[in-house]
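Got a structure here, written out as structure tokens. Questions coming.
Nothing in this text is a laboratory measurement; each read-out follows from the coordinates by a stated rule. Since the model is a prediction, treat every value here as computed from it, not as a measurement. Glycine also receives a Cβ, built like all others from the backbone with ideal geometry; neighbour counts cover every protein chain displayed.
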Amino acid sequence: DAGVTQSPTHLIKTRGQQVTLRCSPKSGHDTVSWYQQALGQGPQFIFQYYEEEERQRGNFPDRFSGHQFPNYSSELNVNALLLGDSALYLCASSLAGGLGQPQHFGDGTRLSIL
Amino acid sequence: KNEVEQSPQNLTAQEGEFITINCSYSVGISALHWLQQHPGGGIVSLFMLSSGKKKHGRLIATINIQEKHSSLHITASHPRDSAVYICAVGRGVHGAQKLVFGQGTRLTINP
């Protein structure tokens with residue numbers, strides 16, 4: 001039973017470029033959440049997708065956008081990259097249907113902006 | 001002030017010591033999570049609890065809802081326990097849950 005998988009594992013971009021990160025949820029999960037973790041900090045919630053729609057959003061600018069596909073996989077897109085976007089981007093999947101559902105995390109994509 | 005505060009931020013101990021990491025939160029929650037993150041970055045869920053106490057092997061997690069406080073204990077600590085331990089609270093909106101994280105506690109167990 002595959003867990004949450006993210007790709008790529010590492011990525012280097014330059015300022016102003018655009019990037020797409022991908023996430024496949026754990027088998028049977030239908031909800032995907034994305035988090036940004038700066039070095040030495042705890043993760044920060046970016047947004048959550050369920051039924052192909054953005055259900056919640058954290059305090060991130062519109063440069064951060066996402067998508068969920070019918071097979072529940074998800075993409076995170078970041079436009080006009082800034083140096084401050086350098087971080088580990090984590091995807092977590094869970095089951096919808098109420099509060100208190102455990103979230104399963106991928107190993108993350110480490111994004112470096114030069 | 002962060003919604004979730006952990007202490008200490010860094011902790012170094014000798015193998016075999018009893019370890020306690022504390023977490024305080026200031027908002028209403030659906031559940032509290034303790035997570036472990038190794039240097040590679042991947043996060044593993046250790047506990048999810050909304051009341052009382054849970055135990056798994058040498059790990060014990062407790063929560064006091066009235067005091068908005070939780071603790072993670074490690075008995076007979078081992079160098080392989082070295083990792084960052086993160087407390088996160090689940091906050092629900094319209095049936096969905098997002099996690100709000102503490103800044104983490106970096107634990108180093110020396111042999």
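Principal axis lengths of region B:27-111 from Cα atoms, whole Å, largest first?
Principal extents (largest minus smallest coordinate, Cα): 46, 27, 18 Å.
Then there is this: If I take every Cα pair under 8 Å that is 6 or more residues apart in chain A, average their sequence separation and divide by the length, what percent do I get for the relative contact order? Let's see the in-between values first.
Numbers: 299 pairs, mean separation 41.6, N = 114.
In percent, rounded to a whole number, it is 36.
Right, here's the next one. No solvent, one uniform scatterer per C-alpha: report log10 I(q)/I(0) for region A:15-114 via the Debye equation at q = 0.10 1/Å, two decimals.
Scattering profile of region A:15-114, log10 relative to I(0): -0.25.
Rounded to the nearest 0.05, what FRET efficiency is calculated for A:Asn77 and A:Ala2 with R0 set to 41 Å and r the Cβ-Cβ distance?
Working: r = 24 Å, r/R0 = 0.58.
Step by step, r from the Cβ atoms, then E = 0.95.
Placing +1 at every Lys and Arg Cβ and -1 at every Asp and Glu Cβ, with all other atoms neutral, what dipole size does the protein assembly as shown have around its Cα centre, in debye to the nearest 20? Intermediate results must be reported in sequence, preceding the final value.
Numbers: 18 positive and 16 negative charges, 61 e Å.
Taking the Cα centre of the protein assembly as shown as origin, the dipole is about 300 debye.
Provide the descending list of Cα extents for the protein assembly as shown along its principal axes, expressed in whole angstroms.
48, 39, 38
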